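Data block below; observations after.
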Amino acid sequence: MAHTDFHTSGLVIAISITQGRLAEAAVMLEPGALFDSATRVLAQAESRSGERTGVGDAPVSSPEALRLIH
């Protein structure tokens, strides 16, 4: 679910940009806003998943790192 929310929030931002609503998109990209929240929840879910399975490296905790894996 966290992964879906991450992509959904990115899609909402992309649509806003495509429609020329740049100020709205910028607000959604601010710390604590839509994309940041979705990124944090996904990072936490990934971290918990790695802890349960014992697979993976250190948990991904930054938006930049998450963008690299997508």
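The values are calculated or read from the model by the stated rules, or taken from the named source; none is laboratory data. Here the structure is a predicted model, which means the values were calculated and not measured. Note that each Cβ is placed from the backbone with ideal geometry, even for glycine, and that neighbours are counted across all protein chains shown.
Among the numbered conditions (1) surrounded by fewer than 12 Cβ atoms within 10 Å (Cβ to Cβ); (2) at pLDDT 90 or above; (3) acidic (Asp, Glu), the only one that residue 24 does not meet is (1).
Name every residue in the stretch 1-55 that is small (Gly, Ala, Ser), more than 12 Å from the chain's Cα centre (by Cα) and part of a helix (DSSP H, G or I), in order of residue number. Residues satisfying the conditions are 14, 16, 23, 25, 26, 47, 49, 50.
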